[in-house]
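Take a look at the structure below.
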Amino acid sequence: MEEKEKKEKIPRQPMPEQDPKVRIRNYKEVPFGYSPETAMQEASRCIQCKNPGCRAGCPVEIDIPAFINKIKEGDFPGAIAKIKEKNLLPAVCGRVCPQEVQCEKTCILAKKGEPVAIGRLERFIADWERNEAEKAPPDKKAAPENEAVKAAPTGKRVAVVGSGPSGLTVAGDLILKGHDVTVFEAFQVPGGVLVYGIPEFRLPKAIVAAEVDYMKKLGVRFECDTVVGATIAVDELFEQGYDAVYIGVGAGLPVFMRIPGENLIGVYSANEYLTRSNLMKAYLFPEYDTPIIRGNNVVVFGAGNVAMDSARTALRLGADKVRIIYRRSRDEMPARIEEIHHAEQEGVEFLLLAAPLNFIGDDDGRLIGVRCQRMELGEPDESGRRRPVPIEGSEFEVDCDTAVVSIGAGANPLLTKATPDIQLNRRGYIIAEPETGKTTKKGVWAGGDIVTGQATVILAMGAGREVANSIHNYLILGW
Amino acid sequence: MYKILEKHELVPNIHLIKVSALAVAKKAQPGQFVIVTIDEKGERIPLTVADWDREGGSITIVFMEVGTTTQRLASFNAGDSIYSLVGPLGIPTHIDTYGTVVCVGGCYGIAAMMPIARAMKEAGNTVISVIEARSRYLLFWEEELKRASDQLIVTVGDGSHAPERWVPDQVKHIIDTGGTIDLVVAFGCTYMMKLTAETTKPLGIKTIVHLSTVMVDGTGMCGCCRVSVGGETKFACVDGPEFDGHQVDWDVLLSRQSGYQDEEIRSLQDWETRRWRKI
């Protein structure tokens, strides 16, 4: 009892971060991460519960108390090994997981308002490992680190379609179980949304590349420039000798608002805006040859994490004024609190309870403004959030030269149209068995956003974990 | 990496490259395109597949030097490699038996029209190929197209060949001299296709146009290639690139094509400065 009280007295350790005024002019990561001392101090706050709530709150069931205990003891190699039993992408998850609604929410210390900073610790230990690997002599680097835990080859071949979070999880799990895994990616580099969607200042691309390299060391093959459904059909994968196919292609269809003027120059989908900036590195134009309109006065529609990413990207591209326009109020904003907080710190303004009616262009077809309407909140809708209702006669205009539409994403039909024996739901998402991820086509599984609709990185990884188990069972026992 | 096996300049500013690309060569159909990135820092641009060798595993691309990427690609030689090439993308040209099909090709579109003309002929159509260039010296593949079609009409803008200088004049000429046309397929610069579609509309001739837009992923993910067709927003990369020419909103297309004009100029200046420094 006495010891417990003592532990709770150490406050949750803050993570130092770049000054907002400085960081809006660079693309470097915002938080700096813990030092080993801070990490060990934070780890000592964990009371090592008998029935850890944190572990139950983690979609991939990392043994959180065990890895934290190892950090506390200064056994960093042991800590990272513990995480990698369950998660091969800790540097990514430590950065982009919504811990406040998962592991940290169910931490016993959360009841007193200050849960253990599990995400920051995960990030710390993953970064520690990567830095150590970089320091290691070249001959040691070449050795596959996890060879010991890799099962004997089964001779079974698995094709993973899409190299985003769920695809990487499936690939990582199955390679460790001894299967031969190839990941197919449409873009020129692997990583999916981790590369094209999440900005450098939130998830440095070198980190994604390092995690992908780790997979390669384990034996996963990556085939980029391959659009399954165009370059090669799902059935052709079976003809080529694959025993199972996993579809984790994400929710890659931009949703527009279907209002007049949406085709004006300067109106972007968030997908396009972020892909240009992140994957194609348009922020380094003209060194990198992909252009992006560097607006001075930018509006972003929507208030999810992608909207926050878009708004903060606009600032870093040099905008003087960036406004998020959202039809509901602050309480309904779907973005993580931390993301909203970071955006506010950086000077993003919020125009709440307003919705666009039409875009306004000049004679050259370039965006110069948007006409909006005030909203008020009515009764809750099917999502449980209060429905925005337009206020008559409240129309007003907002000047802008760039607009980013970030109101969600849908199911990209390219693969599913080319594979008609995979059944879809009304909205075009793949129908998959909840526990296993099995689709209606034998030997084909699906998971992540193409099943659930747009969600988070970790949920896609959680889905990948379940599917990997099911694929493994199939390869060993049958459908 | 995709190795360039052959490269030559067909006419000033229009180049042909034959690239090793096994998977694309196996699948390519008339009217489809690939997205090409020349190096790690390059832009992703769509280029139409003009021919393919299924056994040899190579594809042929004919392109015009317009911006930085195409200029730099023109500086590549046989033996050099392209960083990324993905496809085949887009819906293939719908090949069917229509009757008399006029295959219109202008500029680099002359090459892109080749496989379409060939397939239309194989499907039992009477194929009249009409090719257009600003001047005589910019024409290429006349013999090849003559072989692939029942009739080849050459038209040049400077009037050095025939009084009918442009494609729309030729289409009208065919109709005026008692010919019938069941379908027009047009491939080339946007103005040529726009004028062709405007000519065929009152004549009631179905006209398919092949739109070139700015693209990034080419798989329907970003929406930057959106065009307005029949009042609806379509994605050229996955809903097209071929559309009913009478339904296309040409003003939106032309305006969106010029969306990055300033950036294109800046990019070219930057590349030229760097190139001159090297020399």
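For segment A:256-275, how many residues meet the condition of being over 17 Å from the mean Cα position of the chain (by Cα) and within 9 Å of chain B (Cβ to nearest Cβ)? I'd like the intermediate steps shown before the answer.
The first filter runs over segment A:256-275 and keeps only residues over 17 Å from the mean Cα position of the chain (by Cα), leaving A:256-269.
The next check asks that each one be within 9 Å of chain B (Cβ to nearest Cβ); those that pass are A:256, A:258, A:262-266, A:268-269.
Matching residues across segment A:256-275 total 9.
For segment A:290-342, which positions are of a type in the set (A, V, I, L, M, F, W, C) and assigned to a helix (DSSP H, G or I)? Let's see the steps before the verdict.
Of segment A:290-342, the ones of a type in the set (A, V, I, L, M, F, W, C) are A:292-293, A:298-301, A:303, A:306-308, A:311, A:314-315, A:317, A:319, A:322, A:324-325, A:333, A:335, A:337, A:340.
Matches in segment A:290-342: A:306, A:307, A:308, A:311, A:314, A:315, A:337, A:340.
When only residues in segment B:237-252 that are without any contact (Cβ under 8 Å) to a residue 40 or more places away in the chain and not acidic (Asp, Glu) count, which is nearest to the other protein chains (Cβ to nearest Cβ)? Full working, then the answer.
Restricting attention to segment B:237-252, the residues satisfying the condition of being without any contact (Cβ under 8 Å) to a residue 40 or more places away in the chain are B:243-244, B:247, B:249, B:251-252.
Those left that are additionally not acidic (Asp, Glu): B:243, B:247, B:252.
Working: B:243: 15, B:247: 15, B:252: 5 Å.
Looking at residues that are without any contact (Cβ under 8 Å) to a residue 40 or more places away in the chain and not acidic (Asp, Glu), I get B:252.
What are the residues in segment A:165-199 that are within 14 Å of chain B (Cβ to nearest Cβ) and either over 27 Å from residue B:35 (Cβ atoms) or in a helix (DSSP H, G or I) (or both), if any?
Passing the criteria: A:193, A:195, A:196.
Given the conditions (1) surrounded by fewer than 19 Cβ atoms within 10 Å (Cβ to Cβ); (2) in contact with a Gly (Cβ under 8 Å, 6 or more places away or on another chain), which single one is not true for residue B:137?
So residue B:137 meets the others, but not (2).
Would you confirm whether or not segment A:30-46 contains a residue that is within 26 Å of residue A:277 (Cβ to Cβ), β-branched (Val, Ile, Thr) and surrounded by 14 or more Cβ atoms within 10 Å (Cβ to Cβ)?
Filtering segment A:30-46 down to residues within 26 Å of residue A:277 (Cβ to Cβ) leaves A:30-33.
Pick out the ones that are also β-branched (Val, Ile, Thr) and you get A:30.
From what's left, surrounded by 14 or more Cβ atoms within 10 Å (Cβ to Cβ): A:30.
Yes.
Need a quick list: strands (runs of 3 or more DSSP E) entirely within segment A:200-289 having at least 3 residues that are surrounded by 18 or more Cβ atoms within 10 Å (Cβ to Cβ) and in contact with a strand residue (DSSP E or B) (Cβ under 8 Å, 6 or more places away or on another chain). Working first, answer last.
Details: elements: A:221-223, A:244-247, A:267-269.
Fully inside segment A:200-289 and qualifying: A:244-247, A:267-269.
Assess whether residue B:117 counts as being more than 25 Å from residue B:222 (Cα to Cα), within 14 Å of chain A (Cβ to nearest Cβ) and touching a residue at least 12 places away in the same chain (Cβ under 8 Å).
On the way: more than 25 Å from residue B:222 (Cα to Cα): yes; within 14 Å of chain A (Cβ to nearest Cβ): no; touching a residue at least 12 places away in the same chain (Cβ under 8 Å): yes.
Spelling it out, it is not the case that residue B:117 is more than 25 Å from residue B:222 (Cα to Cα), within 14 Å of chain A (Cβ to nearest Cβ) and touching a residue at least 12 places away in the same chain (Cβ under 8 Å).
Please work out if residue B:131 is among the aliphatic types (A, V, I, L, M), surrounded by 24 or more Cβ atoms within 10 Å (Cβ to Cβ) and away from chain A (no Cβ under 14 Å).
Numbers: among the aliphatic types (A, V, I, L, M): yes; surrounded by 24 or more Cβ atoms within 10 Å (Cβ to Cβ): yes; away from chain A (no Cβ under 14 Å): yes.
In short, yes.
For a quick check of your reading: which strands (runs of 3 or more DSSP E) sit entirely within segment B:209-272 and have at least 1 residues that are closer than 20 Å to residue B:106 by Cβ and within 20 Å of the chain's Cα centre (by Cα)? Spell out how you get there, then give the answer.
Values: elements: B:226-229, B:232-235, B:242-244.
In segment B:209-272, B:226-229, B:242-244 are the strands (runs of 3 or more DSSP E) which contain 1 or more residues that are closer than 20 Å to residue B:106 by Cβ and within 20 Å of the chain's Cα centre (by Cα).
Condition check ((1) within 9 Å of another protein chain (Cβ to nearest Cβ); (2) among the hydrophobic types (A, V, I, L, M, F, W, C)) across all residues:
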position: A:236; (1), (2): no, no
position: A:247; (1), (2): no, yes
position: A:277; (1), (2): no, no
position: A:281; (1), (2): yes, no
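Hey, among the residues in segment B:1-26 that are of a type outside the set (D, E, K, R), without any contact (Cβ under 8 Å) to a residue 60 or more places away in the chain and part of a helix (DSSP H, G or I), which one's farthest from residue B:78 (Cα to Cα)?
B:23
Condition first: at pLDDT 90 or above, exposed (fewer than 14 other Cβ atoms within 10 Å of the Cβ) and within 26 Å of residue A:447 (Cα to Cα). Can you find one or more residues in segment A:143-164 that meet it?
Filtering segment A:143-164 for residues at pLDDT 90 or above gives A:153-164.
The next check asks that each one be exposed (fewer than 14 other Cβ atoms within 10 Å of the Cβ); those that pass are A:153, A:155.
Add one more test, that the residue is within 26 Å of residue A:447 (Cα to Cα), and what stays is A:153, A:155.
Yes; the residues of segment A:143-164 include at least one that is at pLDDT 90 or above, exposed (fewer than 14 other Cβ atoms within 10 Å of the Cβ) and within 26 Å of residue A:447 (Cα to Cα).
On the given criteria, is residue A:287 farther than 29 Å from residue A:133 by Cβ and among the acidic types (Asp, Glu)?
On the way: farther than 29 Å from residue A:133 by Cβ: no; among the acidic types (Asp, Glu): yes.
Considered against the rule, which asks whether it is farther than 29 Å from residue A:133 by Cβ and among the acidic types (Asp, Glu), residue A:287 comes out as no.
Consider residue B:228 carefully, then state whether it is over 20 Å from residue A:363 (Cα atoms) and facing chain A (nearest Cβ under 8 Å).
On the way: over 20 Å from residue A:363 (Cα atoms): no; facing chain A (nearest Cβ under 8 Å): yes.
So residue B:228 fails the test.
Taking into account only those residues within segment B:186-208 that are part of a helix (DSSP H, G or I) and β-branched (Val, Ile, Thr), which is nearest to the other protein chains (Cβ to nearest Cβ)? If you could, list the steps in order and put the result at the bottom.
So in segment B:186-208, the residues part of a helix (DSSP H, G or I) come out as B:190-203.
Still in the list and also β-branched (Val, Ile, Thr): B:190, B:196, B:199-200.
Details: B:190: 14, B:196: 23, B:199: 25, B:200: 25 Å.
By that ranking, first place goes to B:190.
For residue A:398, are the conditions met, namely being at pLDDT 95 or above, of a type in the set (Val, Ile, Thr) and not in a loop (DSSP other than H, G, I, E, B)? Outline the logic, then answer.
Working: at pLDDT 95 or above: yes; of a type in the set (Val, Ile, Thr): yes; not in a loop (DSSP other than H, G, I, E, B): yes.
For residue A:398, the condition - at pLDDT 95 or above, of a type in the set (Val, Ile, Thr) and not in a loop (DSSP other than H, G, I, E, B) - is met.
Return yes when residue B:105 is at pLDDT 95 or above, of a type outside the set (A, V, I, L, M, F, W, C) and not in a helix (DSSP H, G or I) and no when it is not.
Numbers: at pLDDT 95 or above: no; of a type outside the set (A, V, I, L, M, F, W, C): yes; not in a helix (DSSP H, G or I): yes.
Judged against the criteria, residue B:105 is not a match.
Condition check ((1) among the aliphatic types (A, V, I, L, M); (2) modelled with pLDDT of 95 or more; (3) touching a Lys or Arg at 6+ places or on another chain (Cβ under 6 Å); (4) within 30 Å of residue A:355 (Cα to Cα)) across all residues:
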site: A:403; (1), (2), (3), (4): yes, yes, no, yes
site: A:423; (1), (2), (3), (4): no, yes, no, no
site: A:431; (1), (2), (3), (4): yes, yes, no, no
site: A:436; (1), (2), (3), (4): no, no, no, no
site: A:439; (1), (2), (3), (4): no, yes, no, no
site: A:449; (1), (2), (3), (4): no, no, no, yes
site: A:453; (1), (2), (3), (4): no, no, no, yes
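Please pick out the residue among A:382, A:376 that is more than 27 Å from residue A:316 (Cα to Cα), free of Cβ contacts under 8 Å to residues at least 24 places away in the same chain and part of a loop (DSSP other than H, G, I, E, B). Steps first, please.
Details: A:376 fails: part of a loop (DSSP other than H, G, I, E, B).
Testing whether each residue is more than 27 Å from residue A:316 (Cα to Cα), free of Cβ contacts under 8 Å to residues at least 24 places away in the same chain and part of a loop (DSSP other than H, G, I, E, B) leaves just A:382.
Which one is nearest to the other protein chains (Cβ to nearest Cβ), of the residues in segment B:253-279 that are crowded, with 18+ Cβ neighbours inside 10 Å and closer than 25 Å to residue B:92 by Cβ?
Across segment B:253-279, the extreme among qualifying residues is B:256.
For residue B:175, which of the numbered conditions (1) among the aliphatic types (A, V, I, L, M); (2) crowded, with 17+ Cβ neighbours inside 10 Å; (3) at pLDDT 90 or above fails to hold?
(2) is the only condition that residue B:175 fails.
The values are calculated or read from the model by the stated rules, or taken from the named source; none is laboratory data. These figures come from a predicted structure and were not determined experimentally. Don't worry about glycine lacking a Cβ; one is built from the backbone with ideal geometry, like all the others, and counts go over all protein chains shown.
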